[in-house]
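The values are calculated or read from the model by the stated rules, or taken from the named source; none is laboratory data. None of these values were measured; they are calculated from a predicted model. All Cβ positions, even for glycine, are placed from backbone atoms using ideal geometry, and neighbour counts span all protein chains on display.
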Amino acid sequence: MTNSVFCVSANGEWLADAGHQTVQFWNLRRRELVSTFQLTALVHRLALSPDGATLALCCRGKHDVELWDPRQGRRTGALAGHTREVSAISFSPDGRQLASSSTDETVRLWDAARQVELRQWRSQDLGAACVAFSPDGRHVASGGADGAVRLWPIEAPPPLPAISNVAPPLAFSADGQWLTAGVHPATAGSREAPALPAEQSFVIWHLATHAATYFTGAPPVAITFPAGAKEFLAALLPAPGATLELWEYAPVSGTSARRLRLPELDSPVACVALRSDGQELVTGHRDGSLRWWDAGSGQLRAQSQPYTGAVVGVRYSPNGRFLMTWTGSPRRLQAWQVATRQCLATNHFPGPAKLSFAFSPDGEECVTGGFGADARVWRTASLELLEVLPRQREAMHLLAWSPDGRTIAAATEDGGLRLWQRATGRLLLTLLELPPARGQLLDLAFSPDHQWLAACTDQGELHLWHAPAPEERERPR
């Protein structure tokens, strides 16, 4: 079998051998040649179903996976879909499914009997060179030229129903069971993507059952789910320049109650952030001031005037230790220590674009984008530049950092949504490439358990991915 490829069935009874363009099929138990058949191209990958009844093969330069009855030497079909040469194939333990990888940077899952594609995963790792199923058939592993092994879950919960008028903010509950989203009343639905009720201001879904609870009133500008609490908090601005209100909502019962209403202020509220424990909120104002409030009583705790221009962004770190604030003109970014409300560092950022920002899970680092086509990672306490991630085709206008700290999600102005590995700066996946007609993404959110990533567009579309990033194990060096 010189200069050949071969494979053995899982039951150890059958062997297929391909030497150049000739395939031989053997019964190992009887040690006899069963069939021989010819192909028109050089075979470079073979896979036998566990019972030896189906032979899958791929040839040099070909985009399809051919299926054969090896006993009869008869071609029974082909799996078509890859756009470049197929690099590896493997049958599932029960023989019902087949996985294939290609230099088109996709891994695909097929129904071997019906010869249809079931799932597709995209990984820009120079093309996977090998694929295999886990013994329980629940995952597909792929190995790429970058030295990483990726695990892809075969089964995923069904997506939420298509909704056509979702709006920011997106927020997950602390246990990852609930997702909230605003409702954009001006967006009409369609037969494929029905609209949410126009009289509602936001909706909360239970991700396991897809049960939805709708709430009326002013749309939320900030939402937080305190850990262990049965209710979540939402800050509402009934109208631009109006007085801020803080409400409690119970997703199970669908009830709501106003907790407090801030007093009339001399400068309108421009932006709001709620601390993750629900004990404090901070407001940024058009006159450049910041105000810290007790979220239980509505009492003003502290006030500062760090800017001359309007505050356009405020953000608490996930653990509540740091606060980041920024302005639009002049463009200044400031890091604050929450416990003392002291400014730790100030930085100026260039460019006319809107700043995008995300904290790392522990708050020790943060990432910014929006100026130029790169993202910059900073040490939070000092705003010292740590790293510049690889440049994109367009500026990043949305950023989200996964709760496990390993992945940064970045939405770019060309409609793309990509996942980057923080440790190496390597591109992991392209999740979305929206055409111009479908608008841009407006918000991103990871669930705290890292099982979900949600995004919504300015056209009202909701996108939801389960376990978006494959688990990786780096090759030993």
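Could you please find all residues in segment 100-132 being of a type in the set (Gly, Ala, Ser) and part of a strand (DSSP E or B)? Hits for segment 100-132 are Ser100, Ser101, Ser102, Ala128, Ala129, Ala132.
If you go through segment 133-150 and keep only what is assigned to a strand (DSSP E or B) and more than 13 Å from Thr106 (Cα to Cα), you end up with Phe133, His139, Ala148, Val149.
Of all residues in segment 298-312, those satisfying the criterion of being part of a loop (DSSP other than H, G, I, E, B) and farther than 21 Å from Ala257 by Cβ are Gln305, Pro306, Tyr307, Thr308, Gly309, Ala310.
Output the residues belonging to segment 446-466 that are at negative phi and surrounded by fewer than 23 Cβ atoms within 10 Å (Cβ to Cβ).
Of segment 446-466, the ones at negative phi are 446-449, 451-459, 461-466.
Pro448, Asp449, Gln451, Trp452, Thr457, Asp458, Gln459, Glu461, His463, Leu464, Trp465, His466, listed by residue number.
Residues in segment 149-192 that are under 30 Å from Ala132 (Cβ atoms) and at pLDDT 60 or above: Val149, Arg150, Leu151, Trp152, Pro153, Ile154, Glu155, Gly176.
Of all the listed residues (Pro390, Pro403, Pro436), the sole one being of a type outside the set (A, V, I, L, M, F, W, C), under 24 Å from Gly147 (Cα atoms) and assigned by TED's automatic domain parsing to the domain that holds Arg315 is Pro390.
Which residue pairs have Cβ atoms closer than 7 Å, lie 6 or more positions apart in sequence or on different chains, and pair a first residue in segment 238-267 that is β-branched (Val, Ile, Thr) with a second residue that is at pLDDT 85 or above and surrounded by fewer than 17 Cβ atoms within 10 Å (Cβ to Cβ)? Correct list of pairs: Thr243/Arg261; Thr243/Glu264. Arg60 - would you say it is surrounded by fewer than 21 Cβ atoms within 10 Å (Cβ to Cβ) and farther than 18 Å from Val107 by Cβ? So Arg60 fits the description; yes. I'd like the full set of residues that are in contact with a Leu (Cβ under 9 Å, 6 or more places away or on another chain) and either modelled with pLDDT under 90 or part of a strand (DSSP E or B) (or both), limited to segment 210-225. Listed by number, the residues that qualify are His210, Ala212, Tyr214, Gly217, Ala218, Pro219, Pro220, Val221, Ala222, Ile223, Thr224.
The sole residue among Asp51, Asp69 that is closer than 19 Å to Pro135 by Cβ and among the charged types (D, E, K, R) is Asp51. Selection of segment 23-49 for residues being surrounded by 20 or more Cβ atoms within 10 Å (Cβ to Cβ), of a type in the set (Val, Ile, Thr) and more than 18 Å from Ser87 (Cα to Cα) yields only Val23.
What residue, of Thr327, Thr283, is more than 30 Å from Lys230 (Cβ to Cβ) and in the same structural domain as Lys354 (by TED's automatic domain parsing)?
Values: Thr283 fails: more than 30 Å from Lys230 (Cβ to Cβ).
Result: Thr327 is the single residue among Thr327, Thr283 that is more than 30 Å from Lys230 (Cβ to Cβ) and in the same structural domain as Lys354 (by TED's automatic domain parsing).
Just one of the listed residues (Trp68, Trp110) is crowded, with 18+ Cβ neighbours inside 10 Å, closer than 17 Å to Trp152 by Cα and not acidic (Asp, Glu), and it is Trp110. Considering only residues in segment 106-125 that are among the charged types (D, E, K, R) and touching a Lys or Arg at 6+ places or on another chain (Cβ under 8 Å), the one that is modelled with the lowest pLDDT turns out to be Asp125. Consider segment 77-107 and keep the residues that are in contact with a strand residue (DSSP E or B) (Cβ under 7 Å, 6 or more places away or on another chain), closer than 25 Å to Arg418 by Cα and β-branched (Val, Ile, Thr). The one that is surrounded by the fewest Cβ atoms within 10 Å (Cβ to Cβ) is Thr103. The criterion of at least 1 residues that are surrounded by 19 or more Cβ atoms within 10 Å (Cβ to Cβ) is met by the following strands (runs of 3 or more DSSP E) wholly inside segment 228-297: 232-236, 245-250, 269-274, 280-285, 290-294.
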